[in-house]
Amino acid sequence: MSDQIDLAVATTRDLNGALHGLPPDTNRTLWRVLNPRGQHALAVGVDAPIRVEIAGHAGYYCAGMNGGATVVVEGNAGNGVAENMMAGRVEVRGDASAAAGATAHGGLLVIHGNASARCGISMKGVDIVVGGSVGHMSAFMAQAGTLTVLGDAGDSLGDSIYEAQLFVRGSVASLGADCVEKEMRDTHRTALAARLQAAGFDGVDAGSFRRYGSARRLYHFHVDNAGNY
């Protein structure tokens, strides 16, 4: 049996306060959020190992700073879903707007539809799997972690990338500064297959992706590269 919070009656502060008050050993592990109506900052900063199901669309920064919960959005999500996530799982059954998974340090972000511009910007260890396509400047300044795209990628993929790894099955409009295509080895295919399975895309062939990462030309300033900084 689940706990239910109806946002047609309760406030976002009521929701987040109830979730923040749960102890790590809580037995209230399933929560349903009704009538979200695109409200912002739903289920942010949740540390308890619970499951939160949002029955509809979510606004900005849903599941931001997630610390170990599983948060499922049964619709679309606005800007910055799972921003600065540390652990756990965030799943968007629809599309996600800009900056999905921005600065996230850990955990798994799954977007079943498309993600807009700057998906995974400055990510620091998160695994992001997008079932559709991603917009321009995705993985900009991505420092660590992985971005897996089953569809296409927009312009300037991986611009100024550090040590994150990018996997794209479709086409790439263009690569950003210091981002290059890299060899796809067996170790990469094995790890990618495990991520796809964890994200619910276990029927997808890991061998159909191409890998991209840093050429490491911008790690130290050089006058010949001044135009790329």
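We did not get these values from a lab; they are worked out from the coordinates using the rules stated. These numbers were taken from a predicted model, which means no experiment stands behind them. Note: ideal-geometry Cβ built from the backbone for every residue, glycine included; neighbour counts use all protein chains shown.
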Review point. Using a basic spin-label model with each label point 7 Å from the Cα along Cα→Cβ, how many nm lie between residue 4 and residue 40?
Key: 2.9
Check your understanding: Between residue 51 and residue 205, what length in nm is gained on full extension when 0.36 nm per residue of separation is reduced by their alpha carbon distance?
Key -> 52.5 nm
Revision key, fill the gap. Given the candidates 52, 27, 180, the one whose Cα lies deepest towards the positive end of the charge dipole of the chain, counting +1 at each Lys or Arg C-beta and -1 at each Asp or Glu C-beta, is 180
Review point. How far is it, in nm, from the label point at residue 29 to the one at residue 174 when both lie 7 Å from their Cα along the line to the Cβ?
Key: 4.9
**Study point:** Net charge, residue 106 excluded, C-beta distance under 12 Å - Lys, Arg +1, Asp, Glu -1
**Key:** +1
Check your understanding: What does the charge add up to near residue 166, with Lys and Arg as +1, Asp and Glu as -1, over the other residues with Cβ less than 12 Å from its Cβ?
Key -> 0
Point to revise | Packing-based order for 190-202, 139-151, using average beta carbon neighbours within 10 Å, highest first | key: 139-151, 190-202
**Study point:** For peptides 66-72, 2-8, sequence by mean Cβ density within 10 Å, most packed first
**Key:** 66-72, 2-8
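Please figure out what share of the DSSP beta bridges in the chain is antiparallel and state it in percent, rounded to the nearest 5.
Within the chain, antiparallel bridges account for around 15 percent of the total.
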**Study point:** Helix-only [θ]222 nm of the chain, DSSP H runs n ≥ 4, -39500 (n - 2.57) each, per residue, nearest 500
**Key:** -3000 deg cm²/dmol
Exercise for review: Springs between alpha-carbon atoms under 10 Å, Gaussian network over the chain: tell me which of 85, 184, 123 tops the mean-square fluctuations.
Suggested key: 184
**Study point:** Estimated inter-spin distance, residue 182 and residue 144, nm [label 7 Å along Cα→Cβ]
**Key:** 1.5
